[in-house]
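Just below is one structure, and these are the notes that go with it.
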Amino acid sequence: IKVLKSDFGKELFVELSKRYTDTGFLKEFMDPVYYTYLRGVQSVYDLDLKAFNGDIVSMQMFKENYILLDFWGSWCKPCIANIPHLNNLIRDLKNYPFKVISISMDTDTGIWKSAVKRHNYPGFNVIDDNGILATYFNVLSAPQYILIDKTGRVIDSSAPHPDNPLLKEMLLQLIN
């Protein structure tokens, strides 16, 4: 019990919860509010996001679009290196039903906002400071890209990185 209440125990639990798909097992150890929210998620459209301006927005606002979820962190050099490629992808597909949602895995809002401004991070910027999105999508590291179709179904939970031309080809095939 001392381990569970320690900072180490909490960190260990967060990492375990990201890797374990049976949330019933986690109920005993998880914060009740967090657990209730996670159990209520039936699709990506049930998820809420904390936007750059501080508002909580629903994934519902992206319905009828193909979505690329870009899990990144201010500390992640490959994530930052992919910014030009994400910008190119957004530019090339601007006339299509396609959105990039850049989900920071930072836990400090100030560091996240500073990184978005400093690097002019593209896409609709949100922060996953409580880890709910990473837990739901089983994201273990950054960068990770997840491709979602217009109905909210995950097409590829480990989509190619934006510097790979295959990603754009996949999107164009899906859209057309």
Mind listing whichever residues of the stretch 49-81 are over 12 Å from Gly123 (Cα atoms) and part of a loop (DSSP other than H, G, I, E, B)? Asn53, Gly54, Asp55, Lys63, Glu64, Asn65, Gly73, Ser74, Trp75, Cys76
Since Gln42 meets every condition but one in (1) in contact with a Ser or Thr (Cβ under 7 Å, 6 or more places away or on another chain); (2) of a type outside the set (Lys, Arg); (3) not in a helix (DSSP H, G or I), which condition does it not meet? (1)
Can you list residue pairs whose Cβ atoms sit under 8 Å apart, with the first residue in the stretch 144-165 being farther than 22 Å from Ile80 by Cα and the second being surrounded by fewer than 18 Cβ atoms within 10 Å (Cβ to Cβ) and among the basic types (Lys, Arg)? Count only pairs 6 or more apart in sequence or on different chains. Lys150/Lys63; Gly152/Lys63
Answer yes or no as to whether Tyr34 is farther than 23 Å from Gln173 by Cα, assigned to a helix (DSSP H, G or I) and touching a residue at least 24 places away in the same chain (Cβ under 8 Å). yes
Listing of helices (runs of 4 or more DSSP H) fully contained in the stretch 107-176 that carry 1 or more residues being on the phi < 0 side of the Ramachandran plot, over 15 Å from the mean Cα position of the chain (by Cα) and not aliphatic (A, V, I, L, M): 109-119, 165-175
Which condition number in (1) in contact with a Cys (Cβ under 7 Å, 6 or more places away or on another chain); (2) part of a strand (DSSP E or B); (3) among the hydrophobic types (A, V, I, L, M, F, W, C) is the one that Val100 fails? (1)
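Between Lys150, Lys94, which is of a type in the set (D, E, K, R), farther than 20 Å from Lys50 by Cα, open to solvent by 60 Å² or more (accessible area, probe 1.4 Å) and touching a strand residue (DSSP E or B) at 6+ places or on another chain (Cβ under 7 Å)?
Testing whether each residue is of a type in the set (D, E, K, R), farther than 20 Å from Lys50 by Cα, open to solvent by 60 Å² or more (accessible area, probe 1.4 Å) and touching a strand residue (DSSP E or B) at 6+ places or on another chain (Cβ under 7 Å) leaves just Lys150.
If I filter the stretch 49-77 down to residues being of a type in the set (D, E, K, R) and surrounded by 15 or more Cβ atoms within 10 Å (Cβ to Cβ), which single residue comes out as farthest from the chain's Cα centre (by Cα)? Before the answer, list the steps.
Initial filter on the stretch 49-77 (of a type in the set (D, E, K, R)): 50, 55, 63-64, 70, 77.
Narrowing the set further to residues that are surrounded by 15 or more Cβ atoms within 10 Å (Cβ to Cβ) leaves 50, 70.
Numbers: Lys50: 11, Asp70: 6 Å.
Only one residue tops the list, namely Lys50.
Among the listed residues Val126, Val139, which satisfies the condition of being modelled with pLDDT under 95, β-branched (Val, Ile, Thr) and closer than 27 Å to Leu172 by Cα?
Numbers: Val126 fails: modelled with pLDDT under 95.
Only one candidate qualifies: Val139.
Here is a yes/no grid of residues against (1) in contact with a strand residue (DSSP E or B) (Cβ under 8 Å, 6 or more places away or on another chain); (2) at pLDDT below 95; (3) closer than 24 Å to Tyr35 by Cβ:
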position: Phe98; (1), (2), (3): yes, no, no
position: Thr107; (1), (2), (3): no, yes, yes
position: Ile111; (1), (2), (3): no, no, no
position: Ala115; (1), (2), (3): yes, no, no
position: Pro143; (1), (2), (3): yes, no, no
position: Asn164; (1), (2), (3): no, no, no
Number of positions in the stretch 64-89 that are closer than 21 Å to Arg153 by Cα and of a type in the set (Val, Ile, Thr): 1
Limited to the stretch 114-142, what total is found for residues that are buried (at least 20 other Cβ atoms within 10 Å of the Cβ) and not hydrophobic (A, V, I, L, M, F, W, C)? 6
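The values are calculated or read from the model by the stated rules, or taken from the named source; none is laboratory data. Note that this is a predicted model, so its numbers are computed, not measured. In this analysis, Cβ positions are derived from the backbone assuming ideal geometry, glycine residues included, and neighbour counts consider all displayed protein chains. Only protein heavy atoms, including side chains, enter the accessible area calculation; ligands, DNA and RNA are left aside. Shrake-Rupley method; radii C 1.70, N 1.55, O 1.52, S 1.80 Å.
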